[in-house]
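In what follows, a single structure is set out as C-alpha cells and then discussed.
The values are calculated or read from the model by the stated rules, or taken from the named source; none is laboratory data. Here the structure is a predicted model, which is why all the values come from computation and not from measurement. Cβ coordinates were reconstructed from backbone atoms using ideal geometry, including for glycine residues, and neighbour counts include every protein chain displayed.
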C-alpha cells in the first residue's frame, strides 16, 4: 500500500525566529490524505464514544500504527479528526490491506 506522502513535493519557507534571525524550513506540500486506491473496503466503522484512530486500526488491521491506511482511505477526513478521540457518528472506511 502506498504511503500518504509518496510523491509529495518538498517546499521551503523562510521564517523569522523570536530573536529576529531568519531560517529556512523544509516541509512536504501535501497536507491531507491522498485518494485511496480503488477497491472494496474491508469494513466501515461507525465511531462511538472513546474511539481513537489507533485503536480502530488495531481492531481491524491488527496494527495501531497502520492509522495512516485508514487516513488515506478517508480523504475527506479533517486532520483534527485524527487527533485524540474521533467524533461520534463519523463513518470510517477501513481499507483492505494490500499483500
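Given the structure, is residue 60 at pLDDT below 85, touching a strand residue (DSSP E or B) at 6+ places or on another chain (Cβ under 9 Å) and surrounded by 11 or more Cβ atoms within 10 Å (Cβ to Cβ)? When the stated conditions are applied, residue 60 does not pass them.
Please enumerate the residues belonging to segment 49-76 that are over 14 Å from residue 97 (Cα atoms) and in a helix (DSSP H, G or I). 53, 54, 55, 56 - these are the residues of segment 49-76 that are over 14 Å from residue 97 (Cα atoms) and in a helix (DSSP H, G or I). Take the conditions exposed (fewer than 11 other Cβ atoms within 10 Å of the Cβ), modelled with pLDDT under 80 and touching a strand residue (DSSP E or B) at 6+ places or on another chain (Cβ under 9 Å) and apply them to residue 50. Does it pass? No, not satisfied. Filtered by the rule that a residue be modelled with pLDDT of 65 or more, in a loop (DSSP other than H, G, I, E, B) and touching a helix residue (DSSP H, G or I) at 6+ places or on another chain (Cβ under 9 Å), segment 85-95 gives 87, 90, 95.
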